[in-house]
Amino acid sequence: MNITDFITVEFIEASVQSEDKNSLFSELVGVLTRAMPAIEYEAALNAIIDRENKMSTGLGKGVAIPHGKTEAVDTLCGVLGISKNGIEYDALDGEPVHVVFMLLSPVVNSGPHIKALRRIAALLKDPGCYQRLCEASDAAEAYRLLRNDEERMGEGD
């Protein structure tokens, strides 16, 4: 599985405006539902917030992976958000978040969800990937950079 299989240009916000994680969730769910109007905004947002209330998905080093499961989607979907200014997120290291991969998956099938989380973690082990995404000027460039990093890394499982 590659992240670029389900996060394409229309699912990337390269200039996130939110300053805190609750507005970030609203902003990124908005990106998702504009690209996929069949997804119910409130159900998607609630899935992300419910999961976040259990434990912060701010991993540290400027990265967060908010995720949730909901009946509002029938397949894995996601959004990449990039913030130039950083987002107050309650990350594990207390630092602002700049790169956010938001994932939603169906309740009944967690396999793709787990694979996507592993793939994102593997990609972001390369600090160059994070830095390149932070410097992307727009969604098209962010997608191209993400795709190039995935190609360098090799096919995911």
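The values are calculated or read from the model by the stated rules, or taken from the named source; none is laboratory data. Since we're looking at a predicted model, the values are computed, not measured. Virtual Cβ from ideal backbone geometry, glycine too; neighbours counted across all protein chains shown.
Do we have any residue at all in the stretch 88-104 that's within 16 Å of the chain's Cα centre (by Cα), over 14 Å from L24 (Cβ atoms) and free of Cβ contacts under 8 Å to residues at least 24 places away in the same chain?
Taking every residue of the stretch 88-104 in turn, none turns out to be within 16 Å of the chain's Cα centre (by Cα), over 14 Å from L24 (Cβ atoms) and free of Cβ contacts under 8 Å to residues at least 24 places away in the same chain.
Does the stretch 8-26 include one or more residues that are assigned to a strand (DSSP E or B), modelled with pLDDT of 95 or more and among the hydrophobic types (A, V, I, L, M, F, W, C)?
yes
Just to verify a result, which residue in the stretch 76-124, among those that are of a type in the set (D, E) and part of a loop (DSSP other than H, G, I, E, B), is surrounded by the fewest Cβ atoms within 10 Å (Cβ to Cβ)?
D93
Within the stretch 55-66, how many residues turn out to be crowded, with 21+ Cβ neighbours inside 10 Å and not in a loop (DSSP other than H, G, I, E, B)?
Qualifying residue count for the region: 3.
Any chance you could count how many residues in the stretch 27-54 are of a type in the set (V, I, T) and either outside any helix (DSSP H, G or I) or modelled with pLDDT under 95 (or both)?
Total satisfying the criteria: 1.
Looking at (1) of a type outside the set (S, T, Y); (2) touching a residue at least 40 places away in the same chain (Cβ under 8 Å); (3) surrounded by 15 or more Cβ atoms within 10 Å (Cβ to Cβ); (4) farther than 21 Å from K125 by Cβ, which one does D20 not meet, given that it meets all the others?
Failing condition for D20: (3).
Check off (1) buried (at least 20 other Cβ atoms within 10 Å of the Cβ); (2) in contact with a strand residue (DSSP E or B) (Cβ under 7 Å, 6 or more places away or on another chain) for E52 and give me the number that stays unchecked.
(2)
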